[in-house]
Structures are given as C-alpha cells and as structure tokens.
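Undergrad: Please read through the structure below; I'll follow up with questions.
The values are calculated or read from the model by the stated rules, or taken from the named source; none is laboratory data. What you see is a predicted model; the values in this text were computed from it and never measured. Positions of Cβ are backbone-derived with ideal geometry, glycine not excepted, and every protein chain shown enters the neighbour counts. The area values use the complete protein model at the heavy-atom level, side chains included, leaving out ligands, DNA and RNA. Shrake-Rupley method; radii C 1.70, N 1.55, O 1.52, S 1.80 Å.
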Amino acid sequence: MISDIETVKKYLLRLQDQICSALEEEDGAARFNAGAGGLARPRVLSQGSVFERAAVNFSHSVGGRLPTAASDQLSQLKGAPFEAVSLSLIVHPLNPYVPTAHANLRYFVVTGETEHPAWWFGGGFDLTPYYGFKEDAVHWHQMARAACVPFGKDVYRRYKEACDRYFYLPHRGEARGIGGLFFDDLNEGGFERC
C-alpha cells in the first residue's frame with residue numbers, strides 16, 4: 001500500500017473523539033458542541049470549569065490545485081489535484097498557571113502526472129505557558145523526546161529545531177512559548193511507519 005487517506009481519516013476521527021472525551025472528563029462541566037460543514041467536523045468546548053475554550057477540529061479537503069505553500073518543497077507537484085485530512089486542537093485553560101496547548105496533524109495525497117500519488121504527513125505540537133516554570137518545560141520536552149525515541153536518535157532534535165524555527169517571533173527576538181515538535185513532508189520509511 002502506498003497510501004490510504006481513508007485509513008488516516010478514520011484514525012483522525014477516532015483521535016478527535018478520544019481527545020474531546022478526555023478534555024470533557026478533565027473539565028467536568030462543559031461539553032463539546034458539535035458543528036458540521038461539508039467535509040469538516042468541528043468541536044468546540046466553551047466556558048467550562050477548567051477550560052475557557054478548547055477546539056478540536058477535523059477537516060477533509062479536496063482540491064483541483066495544490067496550494068503553493070503545501071508544495072514549496074515539492075515543486076513538481078505545484079498545481080496538481082490533492083486531498084488532505086487534518087486534525088487541529090487548541091486548548092485555553094482558565095487558570096493562567098496552566099499553559100495553552102496546540103497541536104495539529106495533517107496528511108496530503110497529491111495526484112499528478114506521476115504513476116503513483118505523492119503523499120506526506122505534517123504537524124506538530126507546542127506549549128505556550130503564560131507563566132513559565134522550568135520543571136514543566138523540562139517535563140514537556142522529556143515526554144516529547146520519549147515519543148520520538150522509537151523512530152530514531154535524531155528525530156527529536158530535528159523536529160524540535162523545526163518547531164523552534166517555526167515559532168520564532170523575529171519582531172520580539174524570542175520564541176513563542178517553550179516549543180515542541182514540528183515536522184512536514186514526512187514520508188520516510190513508508191506509509192505504515194509514518
């Protein structure tokens with residue numbers, strides 16, 4: 001199997017349900033409102049006892065021309081038909097000592113003039129504390145490193161550096177938050193591994 005968008009779609013929809021359930025359980029009061037629109041499945045929780053607002057949104061996009069930003073690294077695919085699925089989340093707690101968390105996962109399949117469709121994963125996660133505590137930052141990055149270990153020695157370093165570049169605020173001369181992991185154009189090792 002080269003790639004299978006339906007497999008990724010089912011996985012992301014299950015993951016959306018699991019994340020929403022876990023956040024509702026943690027909050028204890030508020031529930032996610034389910035929206036719908038075309039190929040999207042947005043979920044929003046508001047004014048809870050723990051979370052001011054949380055969004056966990058799934059989308060499925062189909063297009064006739066791959067957006068320029070998505071093909072920067074793959075110029076041979078510029079303007080080709082594509083399909084993409086994604087899950088993004090942002091969680092804003094009420095307590096200012098609890099950090100804001102962000103994550104997104106996406107999967108692209110591009111059909112063009114090649115024999116096989118091109119595909120890749122992208123995404124990442126990061127943490128933005130209002131008030132930073134060193135032990136929280138250390139723990140966050142230890143867990144991120146542990147998640148990367150099964151995929152190779154240099155994966156954490158590469159994905160952390162990509163996140164640090166992506167979330168650098170040049171106008172302020174600083175990074176946004178304590179960072180995390182970020183990756184794009186991931187297809188090394190085959191579909192099942194990715």
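Undergrad: Over the stretch 1-113, with every protein chain in place, what whole percent of the accessible area is carbon and sulfur at 1.4 Å, could you tell me? Don't jump to the answer; show the numbers that get you there.
TA: Values: 3270 of 6260 Å².
Roughly 52 percent, rounded to a whole number.
Undergrad: Along Cα→Cβ, 7 Å out, is where each label goes; now give me the distance between the ones at Ser75 and Val44 in nm to one decimal.
TA: With each label point 7 Å from Cα toward Cβ, the separation is 4.1 nm.
Undergrad: Take each of the peptides 166-176, 5-15, average the number of other beta-carbon atoms within 10 Å over its residues, and list them starting from the highest. Don't skip to the end; give the middle numbers.
TA: Numbers: 166-176: 11.3, 5-15: 15.2.
Final packing ranking: 5-15, 166-176.
Undergrad: To continue, here is another question. In nm, what is the difference between 0.36 nm times the number of residues separating Leu15 and Ala147 and their Cα-Cα distance?
TA: On the way: separation 132, 0.36 × 132 = 47.52 nm, distance 1.66 nm.
The span from Leu15 to Ala147 would gain 45.9 nm if fully extended.
Undergrad: Next up: So what is the relative contact order for the chain, in percent, with contacts set as C-alpha pairs under 8 Å and at least six apart?
TA: On the way: 359 pairs, mean separation 29.6, N = 194.
15 percent.
Undergrad: Hey, another quick one. With a Förster radius of 41 Å, plug the Cβ-Cβ distance of His116 and Glu52 into 1/(1 + (r/R0)^6) and report the FRET value to the nearest 0.05. Walk me through the intermediate numbers first.
TA: Details: r = 46 Å, r/R0 = 1.11.
The formula returns an efficiency of 0.35 here.
Undergrad: Right, something else. Once neighbouring chains are kept in place and the probe is 1.4 Å, which whole percent of the accessible area of the stretch 136-194 is contributed by carbon and sulfur? Don't jump to the answer; show the numbers that get you there.
TA: Working: 2150 of 3920 Å².
For the stretch 136-194, the apolar C and S fraction of the accessible surface comes to 55 percent.
Undergrad: If I take all pairs of Cα atoms in the stretch 1-105, what percentage of them are more than 16 Å from each other? Before the final figure, lay out each step's value.
TA: Details: 3485 of 5460 pairs.
Summing the P(r) tail past 16 Å for the stretch 1-105 gives 64 percent.
Undergrad: Okay, moving on. For a Förster distance of 30 Å, can you work out the FRET efficiency between the beta-carbons of Tyr166 and Arg31, rounded to the nearest 0.05?
TA: On the way: r = 33 Å, r/R0 = 1.09.
E between Tyr166 and Arg31, to the nearest 0.05, is 0.40.
Undergrad: Additional query: May I have the pair-distance distribution P(r) for the chain, computed from all Cα-Cα distances with 5 Å bins from 0 and rounded to whole percent?
TA: 1, 7, 13, 16, 18, 17, 14, 8, 3, 1, 0
Undergrad: Another one. Any idea how far apart Ser61 and Tyr130 come out in nm if each label point goes 7 Å out from Cα toward Cβ?
TA: 3.2 nm
Undergrad: What does the helix-only formula give at 222 nm for the chain: each DSSP H stretch with n ≥ 4 adding -39500 (n - 2.57), the total divided by the residues, and the result rounded to the nearest 500 deg cm²/dmol?
TA: Dividing the helical sum by the residues of the chain leaves -8500 deg cm²/dmol.
Undergrad: Only Lys, Arg, Asp and Glu count, each charged at its Cβ (+1, +1, -1, -1), so figure out the dipole size of the chain about its Cα centre, rounded to 20 debye.
TA: On the way: 20 positive and 23 negative charges, 43 e Å.
Result for the chain is approximately 200 debye, rounded to the nearest 20.
Undergrad: Taking only protein heavy atoms and a 1.4 Å probe, what accessible area per residue, in Å², does the stretch 30-106 have with all protein chains in place?
TA: Working: 4080 Å² over 77 residues.
It amounts to 53 Å² per residue over the stretch 30-106.
Undergrad: Still on this model: Mind checking which of Asn57, Asn33, Asn104 has the largest fluctuation in a GNM of the chain, springs on alpha carbons under 10 Å?
TA: Maximum among the listed residues: Asn33.
Undergrad: Something else: List the lysines whose alpha-carbon lies under 20 Å from that of Lys160, not counting same-chain residues fewer than 8 positions away?
TA: The reachable lysines, counting only those whose Cα sits under 20 Å from Lys160, are Lys134.
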